Amino acid sequence: MPLDFTAVDFETAGPSSASACSVGVVVVEDGRVVEKRGWLIRPPAGHDVFSEWNIRIHGITPDRVVEAAGWAEQMDDLMSALGDRPVVAHNARFDMGVIRAACFATGVPTPSLDYFCSLAVARRTYELHSYRLPVAAMAAGFEDFPHHDAIADAEACAAIVVHAAGRHGAAHVPELLEAVGERLARLTPLDPERGIRPMAFA
């Protein structure tokens, strides 16, 4: 079984976890990046207010997403890009929360995805003062990338997984996860009783 997975990163317009405004997807097959894609997303109505803080972080302004596809419109492209490989994100709780909340906000069925977290992998692979994406990526030899550009962040996440797999002598994702004491999780729909809650910026 080769080291196949898809790394994903979302940027959000504001504190709402449903406010996806950009996505980056990086496909890795047999330990090598074979595809990089990304696009802007028009956040769902009611979750489309851009905060000054988020704009300062990622540089995406409301005018840039006016003509972009909305969440429901871009779902087919997203699922096609993710494919049937395990999905990874750095602080996956945030990115999976974006998918879950944006689907809930737009009435789109939450996709069934198996995912894992490169942050958890990094914590069990390196000894660092911080495990933020730029620091963990530097430990993996991936440096000087534009942090909070969704494609670049997804590529940095992928680099961590590939490097960590090499460190642990893992030939595929399940073997890597076993080595670090983790396992694949399954994305589930948002609990309607909990609703959409603010999330910290990833």
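Some notes on this structure:
- Selection status of GLY141, on the phi > 0 side of the Ramachandran plot, over 18 Å from the mean Cα position of the chain (by Cα), open to solvent by 10 Å² or more (accessible area, probe 1.4 Å) and in contact (Cβ under 8 Å) with a residue 40 or more places away in the chain: no
- Within the stretch 80-99, tally of residues that are open to solvent by 10 Å² or more (accessible area, probe 1.4 Å) and under 13 Å from ASP114 (Cα atoms): 5
- Residue in the stretch 39-51 that is assigned to a strand (DSSP E or B) and either closer than 16 Å to PRO189 by Cβ or out of contact with any Phe, Trp or Tyr (no Cβ under 9 Å at 6 or more places or on another chain) (or both) present: yes
- Failed item, numbered, when THR110 is tested on (1) open to solvent by less than 40 Å² (accessible area, probe 1.4 Å); (2) in contact with a strand residue (DSSP E or B) (Cβ under 9 Å, 6 or more places away or on another chain); (3) not in a helix (DSSP H, G or I): (2)
- Subset of the stretch 156-184 (residues that are part of a helix (DSSP H, G or I) and open to solvent by 10 Å² or more (accessible area, probe 1.4 Å)): ALA159, VAL162, HIS163, GLY166, ARG167, HIS168, PRO174, GLU175, GLU178, ALA179
- Residue check, ASP153 closer than 22 Å to ARG100 by Cα, part of a helix (DSSP H, G or I) and of a type in the set (D, E, K, R): yes
- First in the stretch 146-159 and within 19 Å of VAL121 (Cβ to Cβ), second anywhere and among the acidic types (Asp, Glu), Cβ under 6 Å, 6 or more apart: ASP153/ASP9; ALA154/ASP9
- Search result, residues across the stretch 19-56 that are closer than 19 Å to ILE151 by Cα and small (Gly, Ala, Ser): SER19, ALA20, SER22, GLY24, GLY31, GLY38
The values are calculated or read from the model by the stated rules, or taken from the named source; none is laboratory data. Since this is a predicted model, take the numbers as computed values, not measurements. As a convention, Cβ positions derive from the backbone with ideal geometry for all residues, glycine included, and neighbour counts pool all protein chains shown. Heads up: the accessible areas ignore ligands, DNA and RNA and are worked out on the full protein's heavy atoms, side chains in. Shrake-Rupley method; radii C 1.70, N 1.55, O 1.52, S 1.80 Å.
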